Structure formats: structure tokens, C-alpha cells
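Step one of this worksheet: look at the structure below.
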Amino acid sequence: MKKTITLLLLAVSAGSYAQPKFLNQATIITKTTIASPEGDDAQVQDIRTDGGGGEVRIMRFGGDGETKTTTWLKNDLVKTFSESEMGRTTVIRDNSKKLTTTIMEMMGKKSGFYATDAEQEEMRKKMDSMMQRRNQNIPAAGSGKAPEYNIEYLNDSKKIAGYECKKALIIATRSNGRKDTTQVWYCPDFKLQGIASTGGTMGGFGSFMSPSGSNGMENLNGFPMKYERTMGRGRTMTVEVTKLVTDKDVNDKEFEIPKDIELKAMKDMQNGGGPNVQFRTGG
């Protein structure tokens, strides 16, 4: 009798700590909503890239409103299409080649560029340096020690997009001691190969725009289906997966570059071979 009880307890314990399976094919539709407190006046900061002349393109990142994103995953390929009031963006990521291609449609114009991981890292460093030169009171995104992440798993559960999810808190401790908490609802049954999360403020503009380092979600025991965090000036960002399909084949054509797009290397654009780009952030 004692042996039977022991085996039963071991079975229950194994089930409780079962690892999520990795999926290498999926289609995910995500909605990102950013809201400001009533009466908030957005403070805008300009970041103008160094180098050649030409037209100035203005981009606003992190503004209020809703962005819808569709992500396709097939093995080492990930495609993300985002659409908001400012335009449409397609990002194709080849994880095996460590290469990201970004296509933007804004104000009736299409442009495309590509960059390796090493080139993106170099661009992030340049942007950090420019931010520090323009305003010493604003720390650069990649400066200092990377945050340390701890995950607190809770017992709450609810269904999101048809999947049973559990609640967790991702607590980031920064080098200055400040702590930020992201509330996450995740599905413990699976994770997606090469995708830590979908949606957010920067995903539609290529990983070269994102701060270096992780956001802690890759350490979750499952895939984040909904998360919420507080941004600058008291704004809140809510990201939620509204549809997730894992049992249908993703066509290889999804990852083909349209023939009407002329692609340029991002490093050439930054060295005066392309338009002058001016970034505006709302945070």
C-alpha cells in the first residue's frame, strides 16, 4: 500500500512540473493597446541619426492607440506584420542566418532594409550614445548593468483565446535598485521556437529598434498570452493574443520578400546612403 501511494505522489509531482513543449509552427494574432492617464500631454524627444541629408522621416514609437499584429512561425523563420494609424510594417526574421529584414509602408511610400544581429547591436550603441549626448538626464536604453529577472508564479487561472492560462509576475530589478513588475497570463502547455512574446511597442519596427537584452519572458514556463506593464508618464500597455493556430501548415510563401521592394543594407542607410531618419518616442 505504501509503495502504491509513493508512486501516485511521484506521478502527481511529475505532472505538476511538466515542461512545456516547443512548437516550431504557428500563426498568432495579437492586439497591443497603450493608454495614457487623463489629461496627459505627451513629451516628445527627437533622435536624429548622424550622416547624410535627404528627406526626414518622422516616426512615433510608443504612442497611444491600438496596434494589431500577426506573426507567422515556421522553423527558423518568423514574420511579423503590424498595422496601426501610422502605417504598416513587416519584419521577417531568419534565426538561422541571424538576419532581420524590415519593410515599412508609411505615407504612401514603401522602404525596406536588412541588418545582421551584429549590425543591429552596433546601431543600438550609436543610438544610446546620441541619447546621452542630447540629454544627460535620460539614461541610454542599453547602458548600465542588464536587469535581473525573477518570476513569481501565482495560482490564478483563466482562458485566453481558447487556451487555459496561468498568472505570473515578472519582476525586473535594475542596476539602480528600482523594480518593475509585468503581470503575465501564460499558457503552460507550450512555448514557440525563437519567439519569447508577441506584440508590444517595438515589435513592428524590427529588433534593431529594441533595447538590447531580454524582457524576462523567455524564462516563463510557457508562452505569454497576455501581459500588462506600466510605461513612462503613467501610461499602461496591454498586449493580448486574440487568436493562436498551431495545427495548420504555414506556407513558405509567407516569408518571401515582395518583388516591388528595393532592399538596402541598414549600415549603408546609416552612412548617408539613405534618408535621414528622425525617431520620436512617447516615453
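The values are calculated or read from the model by the stated rules, or taken from the named source; none is laboratory data. Keep in mind it's a predicted model, so treat the numbers as computed, not measured. Note that we place each Cβ from the backbone using ideal geometry, even for glycine, and neighbour counts take in every protein chain shown.
Is there any pair linking a residue in segment 229-251 that is part of a helix (DSSP H, G or I) to one that is among the acidic types (Asp, Glu) and surrounded by 13 or more Cβ atoms within 10 Å (Cβ to Cβ), with Cβ under 8 Å and at least six apart or on different chains, and which? Here the result reads Arg233/Asp40; Gly234/Asp40, each pair linking segment 229-251 to a residue that is among the acidic types (Asp, Glu) and surrounded by 13 or more Cβ atoms within 10 Å (Cβ to Cβ). Against the conditions (1) surrounded by fewer than 20 Cβ atoms within 10 Å (Cβ to Cβ); (2) at pLDDT 95 or above; (3) not charged (D, E, K, R), Met107 satisfies every one except (2). Of all the residues in segment 91-104, those that are among the hydroxyl-bearing types (Ser, Thr, Tyr) and surrounded by fewer than 20 Cβ atoms within 10 Å (Cβ to Cβ) number 1. Examine segment 152-167 for a residue that is assigned to a loop (DSSP other than H, G, I, E, B), of a type outside the set (Lys, Arg), over 17 Å from the mean Cα position of the chain (by Cα) and surrounded by 15 or more Cβ atoms within 10 Å (Cβ to Cβ), and state whether such a residue exists. Yes: segment 152-167 contains one or more residues that are assigned to a loop (DSSP other than H, G, I, E, B), of a type outside the set (Lys, Arg), over 17 Å from the mean Cα position of the chain (by Cα) and surrounded by 15 or more Cβ atoms within 10 Å (Cβ to Cβ).
Can you pull out every residue in segment 74-90 that is in a strand (DSSP E or B) and either in contact with a helix residue (DSSP H, G or I) (Cβ under 7 Å, 6 or more places away or on another chain) or surrounded by fewer than 19 Cβ atoms within 10 Å (Cβ to Cβ) (or both)? Steps first, please.
Here is the first cut: in segment 74-90, the ones in a strand (DSSP E or B) are 74, 77-84, 87-90.
Lys74, Leu77, Lys79, Thr80, Phe81, Ser82, Glu83, Ser84, Gly87, Arg88, Thr89 - these are the residues of segment 74-90 that are in a strand (DSSP E or B) and either in contact with a helix residue (DSSP H, G or I) (Cβ under 7 Å, 6 or more places away or on another chain) or surrounded by fewer than 19 Cβ atoms within 10 Å (Cβ to Cβ) (or both).
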